[in-house]
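The values are calculated or read from the model by the stated rules, or taken from the named source; none is laboratory data. Because the structure is a prediction, the values reported are computed rather than measured. FYI the Cβ positions are ideal-geometry reconstructions off the backbone, even for glycines, and counts take in every protein chain you see.
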Amino acid sequence: MRTLTVDLPGRAYDIQIQRGLLDLAGERCRTVLPKAARIFLVTDSNVEPLYLERTAASLRSAGFRVSTCTVPAGESAKCPEELAILWENMMSAGLTRTDAVAALGGGVVGDLAGFAAATILRGVDFIQIPTTLLAQVDSSVGGKVAVDLRAGKNLAGAFWQPKLVLMDPDVLDTLPDSTFADGMAEVIKYGCIFDRAFFDFLAARPSRKELMADIEHILYTCCDWKRSVVVEDERDTGRRMLLNFGHTLGHAYELAGHYETWTHGQAVAAGMVLAAKLGTKLGLTPPELAGQIERAVTALGLPGTIECSHEEYVAAIGLDKKGAGDDISLIVLEEMGKAVPHRMSKAALLEAL
Ligand SMILES: NC(=O)c1ccc[n+]([C@@H]2O[C@H](COP(=O)([O-])OP(=O)(O)OC[C@H]3O[C@@H](n4cnc5c(N)ncnc54)[C@H](O)[C@@H]3O)[C@@H](O)[C@H]2O)c1
Ligand SMILES: [Zn+2]
């Protein structure tokens, strides 16, 4: 087993990475929830038939009473209506302040169940059991929980750190290739912004099979970077911004495709390539980096470029909540493994594009 500690003052928690960990969920939860009688386990309709019973059985064997709730699979479940259903079901199940909520699923389940945990009874303990690559390397660590509103994604939310994050790499075996690739866009991002050796390690493993052979190391490395950023910058004001590499520009692709044509991972993959090209145009990024990133993402079936009209960029950049006022902070690479924020006016960015 590999363990990382997210050392937030007063709310430190462990991330455990181990094959077969799902069957040990009960005993591991018991160590951080000595007094809880009940765990309210949230999952989605794809994950339920694969992993719910195993996880629930493990929790029961550690003496927890288990209530379960399955939400429809997909982003549309991350909404106030599903949140309200969870709240009501939690109360019907008899959840008390000393009990806990656990999320078994991808980022959607983690964000939704986490926000329910943060708000029900003014907050109960929360366990993350992420089952997608994206959730394991990104959304389950850091404590951001949210639902989407009609006005936009993640607009109602909270910071609510889990008590424990349990990652079983074996559950990734059932992911569709495209969902695995989506997660890999974020994995490659960590290499680009923080860790040149890790980028090279990934580039030398251009298939899912090769990556899965080293998946524990990959999960550990990504979580270690995310952990260090979160501990330094829990509330997302400074260094955590670097994680937006490829995201500001990628957002334009997501928006242009109405969040249907391109997945988040695909948009981020093409966004990273474009951010590298733009960095080169601004004289900040060595010219060979765009090609290196493009080769790494396309090897996994992610797009290296996406066509998007100028108007769509204008709309996306104008709307992007990460930019304040007329200036925008774009994350660019000074070298492979070293990202910096670059402040520029929106007009200058549009010109460069
Ligand atoms: N909180 C954060 O810091 C943070 C960071 C990044 C992304 N997010 C959020 O995460 C969400 C995206 O997460 P996601 O990509 O995991 O999407 P997701 O939760 O929708 O999962 C993707 C698909 O995979 C299925 N699935 C999950 N685990 C599976 C498994 N082991 N085998 C087979 N199928 C499985 C799901 O049912 C779903 O259909 C977005 O809502 C995004 O806003 C949050
Ligand atoms: Zn992302």
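Structure values in brief
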item: Only one of Asp148, Asp173, Asp200 that is of a type in the set (D, E, K, R), surrounded by fewer than 24 Cβ atoms within 10 Å (Cβ to Cβ) and within 21 Å of Met1 (Cα to Cα); result: Asp173
item: Qualifying residue in the range 72-93 (condition: within 16 Å of ligand 1 (Cβ to nearest atom) and under 21 Å from Glu27 (Cα atoms)); result: no
item: Matching residues in the range 144-156 - criterion: being within 8 Å of ligand 1 (Cβ to nearest atom) and touching a strand residue (DSSP E or B) at 6+ places or on another chain (Cβ under 7 Å); result: Lys144, Val145, Ala146, Asp148, Asn154
item: Criterion (polar (S, T, N, Q) and within 22 Å of Val332 (Cβ to Cβ)) met by exactly one of Ser228, Ser207; result: Ser228
item: Total residues in the range 134-191, condition at pLDDT 95 or above, within 16 Å of ligand 2 (Cβ to nearest atom) and charged (D, E, K, R); result: 6
item: Residue within the range 284-300 that is of a type in the set (A, V, I, L, M) and at pLDDT below 95 present; result: no
item: Helices (runs of 4 or more DSSP H) within the range 158-233 that include 1 or more residues within 18 Å of the chain's Cα centre (by Cα); result: 177-194, 215-232
item: Residue tally, condition more than 11 Å from ligand 2 (Cβ to nearest atom), crowded, with 20+ Cβ neighbours inside 10 Å and either at pLDDT 95 or above or among the small types (Gly, Ala, Ser) (or both), over the range 254-265; result: 1
item: Qualifying residue in the range 63-86 (condition: of a type in the set (Phe, Trp, Tyr) and over 19 Å from Val124 (Cα atoms)); result: no
item: Of all residues making up the range 268-280, the number that are basic (Lys, Arg) and either within 16 Å of ligand 2 (Cβ to nearest atom) or at pLDDT below 95 (or both); result: 0
